[in-house]
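In what follows, a single structure is set out as structure tokens and then discussed.
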Amino acid sequence: MKANRMEAFSDGVLAIIITIMVLEFKVPEGHNWHALVELGPKILSYIFSFVYIGIYWNNHHHLLHMVRTMNGRLMWLNLLLLFWLSLVPFTTAWMGESHFAATPTALYGFILLLAALSYWLIQRAILSQHSSDSSFVLTMGKDWKGKLSPLLYLTAALTAYISPWISGFFFVLVAMIWFLPDKRIEQALRGQGH
């Protein structure tokens, strides 16, 4: 199996995840702007999750260009990532419905933490395919985003019990860190002549 088949499958799953999230919106009963404002927490949680799924989609696309050989390990690790991301619509809906109550917000952070760890595992598995290319491994080994993100997600989950605003700050911070695709991948692939 080639990596492009796994990428196509993953793209489909991520598209379904976004579709499920938007289907959680119910049409307001009122017919004025105030009725829409009441949906504010749901809209905000949807925006968070849409941005996160978009970031994963973008970086996952870049990451799969590094795959030399598709194997069962990569396929299972990819499914693990998709599993955690498939729970994002549930936690998004619960967080929005509860107006960012502590437990739904903490669970949202915890699910994102597990997705980040799964992404890191895929990256490590792909790097092991390049173990004979020390310059490639050195370039990709400088992964401050991948090391910092789980810590920030954990902090967001724990601070949800102090204030949803603090937790939200950490969610926005991680999104800002990852908004641009990982330039290391492009740099490493250029060095390999891909």
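The values are calculated or read from the model by the stated rules, or taken from the named source; none is laboratory data. On a predicted model such as this, the values are computed, not experimentally measured, just so you know. Positions of Cβ are generated from backbone atoms using ideal geometry, with glycine treated the same way; all protein chains shown enter the neighbour counts. Note: areas computed on protein heavy atoms with side chains; ligands, DNA, RNA excluded. Shrake-Rupley method; radii C 1.70, N 1.55, O 1.52, S 1.80 Å.
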Which number in (1) in contact with a Phe, Trp or Tyr (Cβ under 8 Å, 6 or more places away or on another chain); (2) open to solvent by 40 Å² or more (accessible area, probe 1.4 Å) marks the one condition that T92 misses?
-> (2)
For the subset of region 21-54 comprising residues that are among the β-branched types (V, I, T) and in contact (Cβ under 8 Å) with a residue 24 or more places away in the chain, which member is least open to solvent (accessible area, probe 1.4 Å)?
-> I53
Report whether or not V67 is β-branched (V, I, T) and open to solvent by less than 30 Å² (accessible area, probe 1.4 Å).
-> yes
State which residue pairs qualify: first residue farther than 13 Å from S118 by Cβ and inside region 64-89, second residue acidic (D, E) in any location, beta carbons under 6 Å apart, and separation of 6 or more residues or different chains.
-> L64/E7
Give region 1-15 a look and list any residue that's within 16 Å of L87 (Cα to Cα) and loosely packed, with under 13 Cβ neighbours inside 10 Å, or say none.
-> G12, A15
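Residue-wise test of (1) out of contact with any Pro (no Cβ under 7 Å at 6 or more places or on another chain); (2) modelled with pLDDT of 90 or more; (3) at positive phi; (4) surrounded by fewer than 19 Cβ atoms within 10 Å (Cβ to Cβ).
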residue	(1), (2), (3), (4)
L113	no, yes, no, no
S118	yes, yes, no, no
R124	yes, no, no, yes
S128	yes, no, no, yes
K142	yes, no, no, yes
L151	yes, yes, no, yes
T159	yes, yes, no, no
S163	yes, yes, no, yes
I166	yes, yes, no, yes
Output the residues belonging to region 65-101 that are within 19 Å of the chain's Cα centre (by Cα), assigned to a loop (DSSP other than H, G, I, E, B) and closer than 14 Å to I122 by Cβ.
-> H65, M66
Give region 42-55 a look and list any residue that's under 17 Å from V22 (Cβ atoms) and either outside any helix (DSSP H, G or I) or not charged (D, E, K, R) (or both), or say none.
-> I43, L44, S45, Y46, I47, F48, S49, F50, V51, Y52, I53, G54
